[in-house]
Each structure stands twice: as structure tokens, then as C-alpha cells.
Amino acid sequence: MSAHIIDSALFADLFGSGNMRAVFDDRNLLQKWLDFEAALARSQAALGLLPPEAADEITRQAHAQHFDIAALKQDIDTTLHPLLPLIRHLAARCDGDAGRYVHWGATTQDVMDTGLVLQIKDALAIFEPSLEDLQHLLARLASDHRHTPMAGRTHGQQALPITFGYKVAVWLAELLRHRHRLAQAKKRVLVGEFAGAVGTLAGLDESDLDPLQVQRRLMAELGLGLPIIAWHTSRDSIAELIHLLCMIAALLGRIAKEIIALQKQELAELEEPFTAGQVGSSTMPHKRNPMLCESVLTLARLCREKSAAAVDTLIVNEHERDWSSMQMEWTIVPEVFIYAHGALEMICRVLAGLRVNTARMLQNMALTGGLLLSERVMFALSGRYGRGRAHDLVYNCAMTACEEERPFADVLLAHPDVAVVLSRAQLEDLLDPRQYTGLADRFVDRVLASLK
């Protein structure tokens, strides 16, 4: 039985995907450590530091399926060391004297930090295609609804007309910025570590070979960037990635929250997909709850706390190595990847089947009896009275319409300073929300053009 929701047999897929969980499971973690040890042996053999047949044997044995996880756990419990048991078991499996060359010149944190980066590399290979899927979905919605008018809202109140495509394009533009940040961050994050006990590679410096040649070959073997100096206590690149994933999750949460708000029956402008057999309530058969969006919002909120924890890893380190922050990453990195990717897949599912009620959007814009277009009326009167006086005039009429629950047009035309400027036909034309969406469609086009 699992003690964590991520691995729950019942609820795991509500909190993340199986393929992302597999990146961070014990077997894959062991494999990443073994990949390091094998690549290190091959790099050293290529440079003459150890026999080629020893590197071949270490590589042959460096497969996670060869190792008993239960036995490794027992040895970890005894030694209180996360890696030494694996090193011993790997050395013991090697034929001849190959085992004596396992882990030559490395320190535990070299292996574990690089293993984490290799897991991150695998995780990003899953995460980025899902970001691409989201980008396509948002682009399609923005394009399809670039002319679909709806009420723009500020402070929770109707403000001015916008288009639904414009709302979606705002989300899309933010996503594009996050993707750009991620592309930049990968260069800093996908960097391995091979530095020895305190980062000086002193263990290999006694040989006739420049230890940096080993480091270069090792990173080339693993497909990772070369560190310019040890980062044992400098966790800024990992923290940067965590912050970025949390920001992406925050965007997904905001999209979900907006859909939840607009799905309320009082608005009913959007609705997440609802399939036959889906149950909203055990006691209220009529319920069509936004369960997917609520899950996205949950995951976004769970990610948020990881950002603060990532900052803590930058503070608590002491001297040249300190595991107290490193161990925090063992929890933070898997959880934030699993939560963020779970939210990403779920919001893609929502947007792929999102129901857009354009008729209800039009109806809702009429709820205020024309008040949604007060700015347009003000500008129409400004030519006669100047902006300041026109604002006060329209303000007084708007407040009267609100307090007396009268149509805005009737109140305006009852005012002599308005009636002398505007006819009813002109005023009704001004109060048509479909004619006052500004440059919404052009802004949509600008965002879509940036995709090319």
C-alpha cells in the first residue's frame, strides 16, 4: 500500500501520469546511478586510466535489473549511506578485478547529482511535448474565437467587451514566454557533476592525465553539459527549474480557475467536457461539476509550496558539501514534475473538449442593460463636452440606472445633455457590445503570428 497520493493505487492518475512517475521510481533512479558509473569507467578507460576490459565488464553489469532492491535497502539501512551499497554490489558482480575500478575518483554526490539531472532530462522529454500540445490547443481556441464577443471583467465585475479568443491569447502568450524560459534554463540545468570530495578532483590529480579530460569525456558520454566548477552546494539551477515548473503550473491553475468561474450556472459561458457516466455528486444527480479543473487547481497549489522549498536549498548549505539541501531535492523535484505534468495533461484534456457557449456570452453582456458600454458613450459625448464632463455625466446616469434598475439607454436619453447629442438609434448602436472589442482580434493575430 502507498502512503503518498502520487503512488496511490486508487488516485495516482488524478495527481500525475504513469510515465512521469516511472522517471522518478527506484528502478530508474538506480539505472541513472549505474549509467554514471559505467560512463565514468568507459571515459577513464579511453584515456588509459583503467583497462578497457574492466570498463566493458562494469558496463555489462551496470543494469538495474541485476540488482535486488530489497537487499540494497537493507544495506542502506545499515550503512546509512544511499550509494555505497550499490557501489559494493556493482563491484561484487564484476568478473576478474574489474570491480576494483568502480567509482574511481568520484564522490557520492557526483553520482547522485548527475543521476538527478539525467532524471530531469528524461522528465523534460515527457513534459515538453505536453507543452506543445497545450500550445496547439490554445492557438486553435484563440483562432476559432478571435471574433467571439464576451464580457471582459475586472474586479469580478463586467468592465468592457473583449473576445474569448483574446482571453485565450493572453494565456497563450504567457505559455510562450514560459517555453522560452525553459529552453534557456535547460542549458543551465542539464549539466552533470564530476568533481570529487570537495570539488577539486584531487583524487585524479595524482595521475599523469589531466582530470578535466575525464570530466569532458564523461559528460559527453552522458549527453550533459560540462560544469565550469563544482556545484555541490550551488543548487541555483535546480531551483530555477523548480520555479519555472511552478510558474507553468500556476498558469494552468489560473486557466482552470477561470473555467470554473465561467462554468457556474449564473454565467454558463464555458464548460469542461462532461462524458456519459461521469457523476458529479453521490446525492445530487443533476450536478455537472468541473472536476478536472478542480484537480488542475489542486495540483497548481501543491506545486506552489515547492517553489519556497527550492529557495530554502539555496540558503541552508554549508561549506563545500551539505546533504540537507540535496535530500530536499529528492522530494521536491519528483513531486513538482509529477504534479505539474499531471496538471498539464489534465488541462489539455479540458481544452480539447471545452464547450464554449457563445449565445450565453451575448446574453450575459446584456445583463447590465448597456452599462458594459459606458466608456464608449463617454467618448461619444466627449467631443461636445470634453472628457471630464462627459465622464461625470455618464457616471451619474450609470449610477441612476444601477440604483433604479432601469435600462441604461432610457436613463441616458432622459438626460437633456445626452438627448441633445445622441438619438436613440445612435445610442443603441453605441451600446452594441459586438462593435466595441477594440483591437482584440489584432492582438490575437499578433500572438498567433509569434508562433511561426
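Results for (1) open to solvent by 20 Å² or more (accessible area, probe 1.4 Å); (2) closer than 19 Å to Ser43 by Cα; (3) in contact (Cβ under 8 Å) with a residue 40 or more places away in the chain, shown as yes or no for each residue.
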position: Asp210; (1), (2), (3): yes, yes, no
position: Val214; (1), (2), (3): no, yes, yes
position: Trp231; (1), (2), (3): yes, no, yes
position: Ser237; (1), (2), (3): yes, no, yes
position: Leu245; (1), (2), (3): no, no, yes
position: Glu272; (1), (2), (3): no, no, yes
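Looking only at residues in segment 69-118 that are open to solvent by 30 Å² or more (accessible area, probe 1.4 Å) and assigned to a loop (DSSP other than H, G, I, E, B), the one that is farthest from Lys186 (Cα to Cα) is Gly96. Looking at segment 248-267, is at least one residue surrounded by fewer than 18 Cβ atoms within 10 Å (Cβ to Cβ) and small (Gly, Ala, Ser)? Yes, some residue in segment 248-267 is surrounded by fewer than 18 Cβ atoms within 10 Å (Cβ to Cβ) and small (Gly, Ala, Ser). The one condition from (1) touching a residue at least 24 places away in the same chain (Cβ under 8 Å); (2) under 20 Å from Leu439 (Cβ atoms) that Met219 does not meet is (2).
Taking the criterion of being open to solvent by 60 Å² or more (accessible area, probe 1.4 Å) and either of a type in the set (Asp, Glu) or over 19 Å from Gln426 (Cβ atoms) (or both), the residues of segment 359-374 that qualify are Arg360, Leu362, Gln363, Leu367.
Out of the residues in segment 119-163 that are surrounded by 23 or more Cβ atoms within 10 Å (Cβ to Cβ) and touching an Asp or Glu at 6+ places or on another chain (Cβ under 8 Å), state the one that is farthest from Arg442 (Cα to Cα). Looking at the filtered set, the residue picked out is Met150.
Restricting segment 207-258 to residues that are over 30 Å from Leu175 (Cα atoms) and in contact with a Lys or Arg (Cβ under 7 Å, 6 or more places away or on another chain) leaves a set whose member that is modelled with the lowest pLDDT is Thr233. Pairing each residue of segment 73-84 that is farther than 19 Å from Met326 by Cβ with any residue that is surrounded by 12 or more Cβ atoms within 10 Å (Cβ to Cβ), provided the two are 6+ apart or on different chains, yields C-beta distances under 7 Å for Asp75/Pro85. Check segment 347-357 and report whether any residue there is surrounded by 21 or more Cβ atoms within 10 Å (Cβ to Cβ), in contact with a strand residue (DSSP E or B) (Cβ under 7 Å, 6 or more places away or on another chain) and over 26 Å from Ile120 (Cα atoms). No, segment 347-357 has no match at all. When segment 269-279 is limited to residues that are aliphatic (A, V, I, L, M) and modelled with pLDDT under 95, the one that is farthest from Asp113 (Cα to Cα) turns out to be Ala276. Would you check which residues across segment 28-68 are open to solvent by 60 Å² or more (accessible area, probe 1.4 Å), within 19 Å of Leu84 (Cβ to Cβ) and part of a helix (DSSP H, G or I) and list them? Answer for segment 28-68, where residues must be open to solvent by 60 Å² or more (accessible area, probe 1.4 Å), within 19 Å of Leu84 (Cβ to Cβ) and part of a helix (DSSP H, G or I): just His66. A single member of Ala419, Ala409, Ala414, Ala390 is closer than 25 Å to Asn364 by Cβ and surrounded by 12 or more Cβ atoms within 10 Å (Cβ to Cβ), and it is Ala409.
The values are calculated or read from the model by the stated rules, or taken from the named source; none is laboratory data. These numbers come from a predicted model, not from an experiment. Note: ideal-geometry Cβ built from the backbone for every residue, glycine included; neighbour counts use all protein chains shown. To get the accessible areas, we keep the full protein, side chains included, count just its heavy atoms, and leave off ligands, DNA and RNA. Shrake-Rupley method; radii C 1.70, N 1.55, O 1.52, S 1.80 Å.
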